[in-house]
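> Quick one: structure below, then a few questions.
The values are calculated or read from the model by the stated rules, or taken from the named source; none is laboratory data. The model shown is predicted, which means the values in this text are computed figures rather than measured ones. Cβ: placed from backbone, ideal geometry, glycine included. Neighbour counts: every protein chain shown. Ligands, DNA and RNA are stripped out before the accessible areas are found, and what is left, the full protein with its side chains, is counted by its heavy atoms. Shrake-Rupley method; radii C 1.70, N 1.55, O 1.52, S 1.80 Å.
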Amino acid sequence: MEKLVIRGGRKLKGTLPVGSSKNTALPLMAASILAGGVTTLRHIPVLRDTQTFSHVLRVAGAFVDVEGHQLTIDATRIEFPEAPYELVKKLRASFYMLGALLGRCGRARVSLPGGCAWGPRPVNLHIEGIKALGATIDLDEGDIVATAPGRRLAGGSFALEPSSVGATVNILLAAVTAKGTSRIENAAIEPDVVVFCEMLKAMGARLAGVGTRTIEVEGVDSLTRVNFANCPDRIELGTFMIAAAISGTPGERVRLTNARADHLGEEFLHIFRRTGTECVIGDTTIDVTAPEVLQPVSVTTSIYPGFPTDLQAQWTVLLTQAHGTSTVTDTVYFDRFNHIPELNRMGVQARVENNTVTVKGGSVLKGARVMSTDLRASVSLVLAGMVAEGTTHIGRIYHLDRGYERLESKLAAAGIDIERVQYDEFAAPPSR
Ligand code: EPU
């Protein structure tokens, strides 16, 4: 297995390039099978999750060719409209194949995802939404089996409560080639969904209201192949902004490139500036200058344009460096706090009560052996390791590799003492 070893206390300097968006790449990849023929997707990050999704597409019968950050997906024949348990359990977003396969083949057998590392993550809205479009749905040995009567869905209306990125994507994948019109109320307006809809439109889908809470779809007979470019990753951008705020040299700017500031959401930018950190937004860059003293700013996560749940673990580390006590409340996922016991092992004074963490800032963090439990938890441990005294060893970084491409190379090039090494998790400790 691999781990990251970070010798803390070095300053972040220079430039950090932001990678391409994971959570946009996955729906784009799913959409590629709606068109017969060869779709080209550019700026697809090289990550475990995109590799798993390529596998999902291949299982359905597509040919997927990967050349660096470019994917060529030949979906001329989709003979096996299935996404099996072995892949869905590795990557929940494989469930997008329900809508994509129904839209393309009129039938789909897709394994139900179970819980996830931080608790239940239901897909009831995906299923109910697709049912509302006219699909018949059965549960067979843990798989959802969906069928469009007469091979084509009729179309229909569905209101999401709560609003959901995944359900919006799945319903749209199924609705764009339906016979009739469809409407999604309380649709997600996250940039991931908006960019995904841009690809659908480029393929010939008829959509209105993208980026608003009501999306209307006029079904079309078929869609065409496209050559489409993915957008930069907003969560990696936010993670790097936090990194610069806590480990940049006060008064010296760190430049983040390939940055889409408009994808961060107003709340994050507003709250980030309230910490006293300077942030200058350019066309494709953000310059972040750490302050002498970070102000503690409490946050509550919510859907876009609110403070993203995918940045709350990283924000908690920022708050450990601020002077004063503050809180992080997650209203999107109530149990997403697996990083706290690991951070406690590094001297972080934080405790969880219900869906709120109270963080006492200003204490000195100490390097320790810690364990990644999920993607965002693992990057919060990297941030903590960067500001801790001594050496931090972060195990099970396969979680990190799901969503951050070459993180340690980027940080090392910007002054951080970090390396990836092999280790044996089950090796006995040295005897005395
Ligand atoms: N929800 C339901 N029923 C459903 C679907 C969702 O009750 O059928 C609830 C969820 O429990 C949650 C809320 O709706 O409380 C919003 O969840 P959403 O469906 O929007 O999340 P998702 O689509 O499953 C995506 C990202 C997550 C990110 C969330 C929230 C992808 C592949 N995943 O998940 O990203 O946390 O939106 O923004 O796009 C990550 O990258 O680390 C990650 C977990």
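> May I ask you to verify whether ALA148 is open to solvent by less than 10 Å² (accessible area, probe 1.4 Å), closer than 30 Å to THR301 by Cβ, of a type outside the set (Asp, Glu) and away from the ligand (no atom under 13 Å from the Cβ)?
no
> Determine whether the stretch 56-65 contains at least one residue that is open to solvent by 10 Å² or more (accessible area, probe 1.4 Å), more than 16 Å from the ligand (Cβ to nearest atom) and of a type in the set (Phe, Trp, Tyr).
yes
> Go through the stretch 279-288 and report how many residues are surrounded by 15 or more Cβ atoms within 10 Å (Cβ to Cβ) and in contact with a Ser or Thr (Cβ under 7 Å, 6 or more places away or on another chain).
Final tally of qualifying residues: 2.
> Being touching a Ser or Thr at 6+ places or on another chain (Cβ under 7 Å), touching a residue at least 24 places away in the same chain (Cβ under 8 Å) and more than 9 Å from the ligand (Cβ to nearest atom) is the filter here; which residues of the stretch 118-145 pass it?
ALA132, LEU133, ALA135, GLY142, ASP143
> Looking at the structure I just gave you, is ASP262 charged (D, E, K, R), more than 23 Å from the chain's Cα centre (by Cα) and open to solvent by 10 Å² or more (accessible area, probe 1.4 Å)?
Taking the combined requirement at face value, the residue does not satisfy it.
> Further question on the same structure: Cβ-Cβ below 6 Å, separation at least six or inter-chain, first residue in the stretch 73-95 and charged (D, E, K, R), second open to solvent by less than 80 Å² (accessible area, probe 1.4 Å) and at pLDDT 95 or above: which pairs?
ASP74/VAL38; ARG77/GLY61; GLU79/GLY61; GLU82/ARG109; LYS90/THR52
> Can you pull out the strands (runs of 3 or more DSSP E) entirely within the stretch 124-184 that have at least 3 residues that are over 16 Å from LEU112 (Cβ atoms)?
Qualifying strands (runs of 3 or more DSSP E): 157-159.
> May I pose another question? If a residue counts only when it is closer than 19 Å to ARG10 by Cα and at pLDDT 95 or above, which strands (runs of 3 or more DSSP E) contained entirely in the stretch 337-432 have at least 2 such residues?
Counting at least 2 such residues, we get 391-395, 417-422.
> Of everything in the stretch 1-30 that's hydrophobic (A, V, I, L, M, F, W, C), within 16 Å of the ligand (Cβ to nearest atom) and in contact with a strand residue (DSSP E or B) (Cβ under 8 Å, 6 or more places away or on another chain), which residue is nearest to MET199 (Cα to Cα)?
Looking at residues that are hydrophobic (A, V, I, L, M, F, W, C), within 16 Å of the ligand (Cβ to nearest atom) and in contact with a strand residue (DSSP E or B) (Cβ under 8 Å, 6 or more places away or on another chain), I get LEU28.
> Of all the residues that make up the stretch 31-40, how many are hydroxyl-bearing (Ser, Thr, Tyr) and either within 16 Å of the ligand (Cβ to nearest atom) or out of contact with any helix residue (DSSP H, G or I) (no Cβ under 6 Å at 6 or more places or on another chain) (or both)?
So the answer is 2.
> Among the residues that make up the stretch 46-54, is at least one of them farther than 25 Å from ARG151 by Cα, charged (D, E, K, R) and either open to solvent by 50 Å² or more (accessible area, probe 1.4 Å) or at pLDDT 95 or above (or both)?
yes
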